[in-house]
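Here's the structure we're looking at; comments come further down.
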Amino acid sequence: MSEPSKDAGVIQVMAEQMANTRLPRALEMKERVDRGEALTDWDIEFLEQVFNDAKHIGSLLNHHPEWHDLVGRITHLYKEITEKALENEQQAKGG
């Protein structure tokens, strides 16, 4: 069972990180891939960290369905970024 006060603290940190770092970075990456640019190594490391973190918060989200919609939207944004980046890479290689 999760502890409500601990959950609240973790959620607070995650929300601040999303608002101050991850969302602005994701939107910047989305703009670049939409212009046909490739992801940098730094972008790929960032995405790997995001996906790694997502694995660890699954159980927390099970206890807080009020966050499901927001997490779903953010997940969709990352999916759009990675799909467009892959498309850009394939076009750059002539495929």
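Derivation of every value follows stated rules applied to the coordinates shown; laboratory data play no part. Please read these numbers as outputs of a predicted model, since none were measured by experiment. So basically every Cβ, Gly included, is an ideal-geometry build from the backbone, and we count neighbours across all protein chains shown.
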For region 69-76, Karplus-derived ³J(HN,Hα) couplings (6.51, -1.76, 1.60; θ = phi - 60°; whole Hz; x for glycine and proline) come out as 4, 5, 4, x, 5, 5, 4, 4
Starting from the coordinates of the alpha-carbon atoms of the chain, obtain the Kirkwood hydrodynamic radius over all distinct pairs and give the value in Å to one decimal. 14.6 Å
Using θ = phi - 60° and the Karplus relation 6.51 cos²θ - 1.76 cosθ + 1.60, list the HN-Hα couplings for region 53-63 in order, rounded to whole Hz, with x at every Gly or Pro. 4, 4, 4, 7, 9, x, 5, 4, 5, 4, 8
On a 0 to 90° scale, report how tilted helix 4-17 is relative to the longest principal axis of the chain, with both axes built from alpha carbons and the result rounded to the nearest 10. 20 degrees
Number of Lys pairs in the chain with C-alpha atoms less than 27 angstrom apart, excluding same-chain neighbours closer than eight positions? 9
Dipole of the chain, Cα-centred, from +1 at each Lys and Arg C-beta and -1 at each Asp and Glu C-beta, to the nearest 20 debye? 80 debye
Using the count of nearby Cβ atoms within 10 Å as a rough guide to exposure, how do Lys84, Lys30, Lys55 rank from fewest to most? Lys55, Lys30, Lys84
Karplus-derived HN-Hα couplings along region 26-32 (A = 6.51, B = -1.76, C = 1.60, θ = phi - 60°), whole Hz, x at Gly and Pro: 5, 5, 5, 5, 4, 4, 5
